[in-house]
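A short write-up of the structure that comes next.
The values are calculated or read from the model by the stated rules, or taken from the named source; none is laboratory data. Here the structure is a predicted model, which means the values were calculated and not measured. For neighbour counting, all protein chains shown are included, and Cβ atoms are generated from backbone atoms with ideal geometry for every residue, glycine included. Just the protein is used for accessible areas: all its heavy atoms, side chains included, with ligands, DNA and RNA removed. Shrake-Rupley method; radii C 1.70, N 1.55, O 1.52, S 1.80 Å.
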Amino acid sequence: MKEWYDKINEASSVNALEEIRVAIFGKKGVLAAEFAKMKDVPNEQKGQFAKELNKHKSALMNEFTARKIVLQTQELQEAMKAEALDVSMFSTKSSAGALHPVMETMDRIVEYFSSMNFAVKTGQIVEDDFHNFEALNLPKYHPARDMQDTFYFKDEMLLRTHTSPVQIRTMMNTQPPIRMIAPGAVFRRDYDLTHTPMFHQIEGLLVDEEGKVSFANLKFILEDFLKYMFGDVAVRFRPSFFPFTEPSAEVDISCVFCEGKGCRVCSHTGWLEVLGCGIVDPNVFEAVEYKNVSGYAFGLGVERFAMLIHQIGDLRSLFEGDIKLLEQFQ
Ligand code: DAH
């Protein structure tokens with residue numbers, strides 16, 4: 001048995017020690033073999049034999065544990081020494097910081113609408129049911145709420161699912177005319193290639209006297225905006241539905257990847273959907289107690305714009321904080 005004490009104390013690494021542990025305590029180890037000899041020991045000596053062996057067993061275990069701590073400490077110290085950074089060393093390569101592509105895209109969008117005299121409003125991320133849904137003509141149990149499942153707090157509070165509630169907040173504390181955009185984070189229960197639980201939207205709202213705001217005004221500004229963002233693309237308006245606008249439309253641009261010929265990204269349609277818009281529904285004006293006004297509104301996803309501008313395939317990669325990815329956007 002003595003040799004095994006020596007072997008433990010001579011082990012030079014945690015790995016080597018582990019091999020010795022198996023050789024001693026393993027199913028086919030020396031201790032098992034010793035215990036197996038018990039059957040040949042005369043009955044009256046069995047007790048003594050077992051006692052001796054068990055003494056060795058626990059002594060070897062103590063030895064093993066002590067040696068393991070010594071070796072682990074040694075290896076940790078060696079590793080730390082090897083990985084030590086010389087903070088006084090002169091660096092030849094350093095990379096400059098840059099705006100995150102989502103923020104950069106957001107800035108460009110805000111820049112466009114600011115130049116058109118739209119004021120920037122922020123609202124609040126933790127919203128109540130009234131501003132996020134009810135006042136936007138999305139009553140309780142309305143099926144359109146299903147598309148915007150979110151994260152709820154008590155007392156009907158929730159993480160806002162879109163930036164549209166900022167329309168309501170702005171109208172409730174200002175008198176028309178209004179020209180505003182609301183950039184900010186929004187939240188939904190979604191996670192795949194093109195959806196993350198948190199993303200950013202920009203909402204737009206313009207309100208003026210009754211009869212002064214038409215779909216033609218909306219169409220003009222959105223076409224101009226999309227050409228500012230994407231260059232010389234074709235723009236089309238498709239009839240759609242949003243509870244807070246009537247009529248509503250979704251807006252497509254000709255695919256920036258294949259120039260409208262049809263590819264995987266545009267599902268071979270030649271078109272990419274980029275925003276939702278419409279003429280403000282009278283029920284919304286009623287909720288904020290506005291009378292004799294007309295207006296248009298629109299909403300867009302900033303990440304979607306960033307993905308199209310930078311040709312990013314997986315939205316989730318934007319939120320992993322991977323320096324290698326972010327360095328590409330400097
Ligand atoms: N709130 C909509 C959404 O999150 C986007 C939107 C569509 C906003 C049409 C609008 C609009 O103001 O008119 O899907």
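As a summary of the residue check, Met171 satisfies the conditions (1) among the hydrophobic types (A, V, I, L, M, F, W, C); (2) under 30 Å from the mean Cα position of the chain (by Cα); (3) within 26 Å of Val293 (Cβ to Cβ); (4) buried (at least 18 other Cβ atoms within 10 Å of the Cβ) except for the one numbered (2).
The set of residues in region 126-155 that are open to solvent by 10 Å² or more (accessible area, probe 1.4 Å), closer than 23 Å to Met172 by Cα and either of a type in the set (Val, Ile, Thr) or out of contact with any Phe, Trp or Tyr (no Cβ under 8 Å at 6 or more places or on another chain) (or both) comprises Val126, Asp128, Asp129, Phe130, His131, Glu134, Asp155. Is one or more of the residues making up region 239-253 open to solvent by 20 Å² or more (accessible area, probe 1.4 Å), within 14 Å of the ligand (Cβ to nearest atom), in a loop (DSSP other than H, G, I, E, B) and among the hydrophobic types (A, V, I, L, M, F, W, C)? Within region 239-253, one or more residues are open to solvent by 20 Å² or more (accessible area, probe 1.4 Å), within 14 Å of the ligand (Cβ to nearest atom), in a loop (DSSP other than H, G, I, E, B) and among the hydrophobic types (A, V, I, L, M, F, W, C). Within region 184-215, the set of residues being within 17 Å of Leu275 (Cβ to Cβ) and more than 13 Å from the ligand (Cβ to nearest atom) comprises Thr194 only. Going by the conditions given, is Val120 in contact with a strand residue (DSSP E or B) (Cβ under 7 Å, 6 or more places away or on another chain) and open to solvent by 30 Å² or more (accessible area, probe 1.4 Å)? Yes.
When you scan region 297-307, do you find a residue that is surrounded by fewer than 19 Cβ atoms within 10 Å (Cβ to Cβ) and assigned by TED's automatic domain parsing to the domain that holds Thr105, even just one? Within region 297-307 (the criterion being surrounded by fewer than 19 Cβ atoms within 10 Å (Cβ to Cβ) and assigned by TED's automatic domain parsing to the domain that holds Thr105), the answer is no, since none of the residues qualifies. Contact map, region 221-245: residues that are basic (Lys, Arg) paired with residues that are assigned to a strand (DSSP E or B) and open to solvent by 30 Å² or more (accessible area, probe 1.4 Å), Cβ distance under 6 Å, separation 6+ or inter-chain. Pairs shown: Arg238/Glu250. The one condition from (1) open to solvent by less than 70 Å² (accessible area, probe 1.4 Å); (2) more than 12 Å from the ligand (Cβ to nearest atom); (3) in contact with a strand residue (DSSP E or B) (Cβ under 7 Å, 6 or more places away or on another chain) that Arg160 does not meet is (2). With respect to Gly231, determine if the residue is open to solvent by less than 60 Å² (accessible area, probe 1.4 Å), on the phi > 0 side of the Ramachandran plot and more than 16 Å from the ligand (Cβ to nearest atom). Yes, satisfied. Name every residue in region 143-153 that is within 14 Å of the ligand (Cβ to nearest atom) and at pLDDT 85 or above, in order of residue number. If the condition is that a residue be within 14 Å of the ligand (Cβ to nearest atom) and at pLDDT 85 or above, then Thr150 is the only one that fits.
Entry remark, region 83-117: residues being more than 23 Å from Ala306 (Cα to Cα) and out of contact with any strand residue (DSSP E or B) (no Cβ under 7 Å at 6 or more places or on another chain) number 12 in total.
Evaluated against (1) buried (at least 18 other Cβ atoms within 10 Å of the Cβ); (2) assigned to a strand (DSSP E or B), Phe285 falls short on exactly one condition, (2).
Of all the residues in region 257-313, those that are within 14 Å of the ligand (Cβ to nearest atom) and among the basic types (Lys, Arg) number 1.
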